[in-house]
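Okay, so here's the structure we're looking at.
The values are calculated or read from the model by the stated rules, or taken from the named source; none is laboratory data. Source: prediction; values computed, not measured. Note that each Cβ is placed from the backbone with ideal geometry, even for glycine, and that neighbours are counted across all protein chains shown. Just the protein is used for accessible areas: all its heavy atoms, side chains included, with ligands, DNA and RNA removed. Shrake-Rupley method; radii C 1.70, N 1.55, O 1.52, S 1.80 Å.
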Amino acid sequence: MTEEFYRIRRLPPYVIAEVNAMRAAARAAGEDIIDLGMGNPDLPPPPHVIEKLAEVAAKPDAHGYSASKGIPGLRRAQAAYYARRFGVELDPEREVVVTLGSKEGLANLAQAITAPGDVVLAPNPSYPIHTFGFIIAGATIRSVPTTPDGRYFEALERAMAFTVPKPSVLVMGYPSNPTAETVDLAFYERVVAFAREHKIWVLSDLAYSEIYFDGKPTPSILQVPGAKEVAVEFTSMSKTYSMAGWRIGFAVGNPTLIAALTRVKSYLDYGAFTPIQAAAVAAINGPQDIVEKNRALYHHRRDVLVEAFGRAGWEIPPPAASMFAWAPLPPALAHLGSLEFAKQLLTHAKVAVAPGVGYGENGEGFVRIALVENEQRLRQAARNVKRYLASMGVNTPARAS
């Protein structure tokens, strides 16, 4: 009997879990930890969504197995969202499937379309499921940059020219988690042209579609003519409607990929609890003021974080979108590396952040900071950081008032 399981052997230690364990231990010991590590929204869903959940849950016939691909009303609601937000027409029967969050959808699609030894192009740094979903499925990962500049397409061309076997899938996610970088429609046009030329699938993660700042809405890859020939896109209720624990997301787009995901899911789950799906319909089809309210709140928190941490001696570039800031380590402490810096920040400043190396080797030198605490807590975190930096001999720069 072996205890060396094939897929477990392929998974390295999850370094972010080290910081999470330290945070949990500190809180258990009664310490006040300001948690800016996990992207866990601190805001509630809209009241009418919770009311719909309770209303449907009160029905005696609402507690049986649900539909693995999602109830028809929810698939229609998502199709309607794409039509009004992006001008993209979707067939709710063939081009939409409800997932248990975008993470589950990405992982199960990887299982559906990947054979051992397949090569997948994935960004580095990136949200872990973008790579590990395919690693668990037996694929080999070839990293491409996350930053959507000229180097990005040069890396894609090199990968297709020199990788054996040729890559079959390209994974991307914008606004990026963790880097918060964004793209325009012209970028997606180049990606779709590349994918059609080289006959590869594109998996686009658009989980942060509605958290954008400075009046620049994020596009969908499916807005590109011909994109549905090669691409599927994942979205989530988690951040847009503060429904992270409800585990509702979607995959939409190419009918072949949607059918593959639907078939695999039919063997693995019976779908989300029906009252949750009904409440998700109420969220998508109902008043959308919560979306703008959340966007404005995250925008304000971004500005507070950048200003307060800058005054504390830690310059953080303002993210253009998402609920995260991708922060380079203070230059005087860069030698610590992202994991040790995150541990020290937790121990000495009582502030939890996510080490960048947990998102891939190219994330070294950065930490991800989540905008999931209120303004007062963000300013408290900045004061704690300032004291920590001073204890490490880092001088706070003088700033003009």
Using the Kirkwood radius over Cα pairs of segment 303-401, the Stokes-Einstein translational diffusion coefficient at 20 °C and 1.002 mPa s, in µm²/s and rounded to a whole number, is 159
With only helices counted (DSSP H, runs n ≥ 4, each -39500 (n - 2.57)), the per-residue ellipticity at 222 nm for the chain, to the nearest 500, works out to -13000 deg cm²/dmol
Taking alpha-carbon centroids only, segment 244-274 lies from segment 301-336 a number of Å equal to 36
In Å, the Kirkwood hydrodynamic radius from C-alpha pairs for segment 71-170 sits at 15.3
Honestly segment 351-397 on the Cα gyration tensor test (a ≥ b ≥ c root eigenvalues; a/c under 1.5 rounded, otherwise a/b vs b/c for prolate or oblate) is just oblate
Check: C-alpha center segment 186-241 vs C-alpha center segment 363-384, spacing in Å is 29
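Between Ala334 and Thr2, what is 0.36 nm times their sequence separation minus the Cα-Cα distance? Round to one decimal in nm.
115.4 nm
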Along segment 213-230, Karplus-curve 3J(HN,Hα) (6.51, -1.76, 1.60; θ = phi - 60°) to the nearest Hz, with x for Gly and Pro, reads 10, 6, x, 10, x, 7, x, 10, 4, 6, 6, 6, x, x, 5, 5, 6, 10
Measuring from the longest principal axis of the C-alpha atoms of the chain, the long axis of helix 101-113 (C-alpha) lies at a number of degrees, nearest 10, equal to 60
Here segment 139-209 gives, from Cα atoms, an Rg and Dmax in Å of 11.9, 34
Put Lys386, Lys265, Lys166 in order of accessible area, largest first, probe 1.4 Å, and you get Lys166, Lys386, Lys265
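What is segment 36-93 by shape, rounded, prolate or oblate, if you read a ≥ b ≥ c off the alpha carbon gyration tensor as root eigenvalues and call it rounded for a/c under 1.5, prolate for a/b larger than b/c, and oblate otherwise? It would help to have the intermediate numbers written out before the result.
Details: a/c = 1.89, a/b = 1.07, b/c = 1.77.
Oblate is the answer for segment 36-93, as a/c is 1.5 or above yet b/c matches or exceeds a/b.
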Among Lys216, Lys239, Lys69, the residue with the largest mean-square fluctuation in a Gaussian network model of the chain built from Cα contacts under 10 Å is Lys216
Per DSSP, the loop-located GluC sites (Glu not before Pro) within segment 1-110 having at most 10 other beta carbons within 10 Å are Glu3, Glu4
With label points set 7 Å from each Cα along the Cα-to-Cβ direction at Glu51 and Ala186, the distance between them in nm comes to 4.7
So Ala193 and Arg94, fully extended at 0.36 nm per residue minus their Cα-Cα distance, gain in nm 33.3 nm
Cα-based Debye curve of segment 274-350 sampled at q = 0.11, 0.18, 0.19, 0.23 Å⁻¹ gives log₁₀ I(q)/I(0) of -0.48, -0.82, -0.87, -1.09
So Asp42 and Arg27, fully extended at 0.36 nm per residue minus their Cα-Cα distance, gain in nm 3.7 nm
FRET efficiency (Ser391, Glu154; Cβ distance; R0 56 Å; to 0.05) is 0.80
With a ≥ b ≥ c from the Cα gyration tensor eigenvalues, square-rooted, and the rule rounded for a/c under 1.5, otherwise prolate when a/b > b/c and oblate otherwise, segment 1-103 is prolate
Per GNM of the chain with C-alpha springs under 10 angstrom, the most fluctuating residue out of Ala112, Ala308, Ala24 is Ala24
FRET efficiency (Ala296, Thr256; Cβ distance; R0 30 Å; to 0.05) is 0.15
Mean shadow area (nm²) of the C-alpha convex hull around segment 211-355 is 12.4
Per 20 angstrom bin, beginning at 0 and ending with the bin that holds the maximum distance, the Cα pairs of the chain fall in percents of 26, 57, 17, 0
Here, chymotrypsin sites (Phe, Trp or Tyr not before Pro) of segment 158-206 satisfying both criteria (DSSP loop; at most 10 other Cβ within 10 Å) are none
What the Cα atoms of segment 167-251 span along the principal axes, largest first and in whole Å, is 39, 29, 22
Regression test value, accessible area per residue of segment 1-116, probe 1.4 Å, units Å², expected 56
With a Förster distance of 30 angstrom and the Cβ-Cβ distance between Leu268 and Ala161, calculated FRET efficiency to the nearest 0.05 equals 0.25
In debye to the nearest 20, the charge dipole size for segment 142-270, taken about the Cα centre with +1 at each Lys and Arg Cβ and -1 at each Asp and Glu Cβ, equals 440
The chain, Gaussian network, Cα under 10 Å: of Asp32, Asp269, Asp91, the residue fluctuating most is Asp32
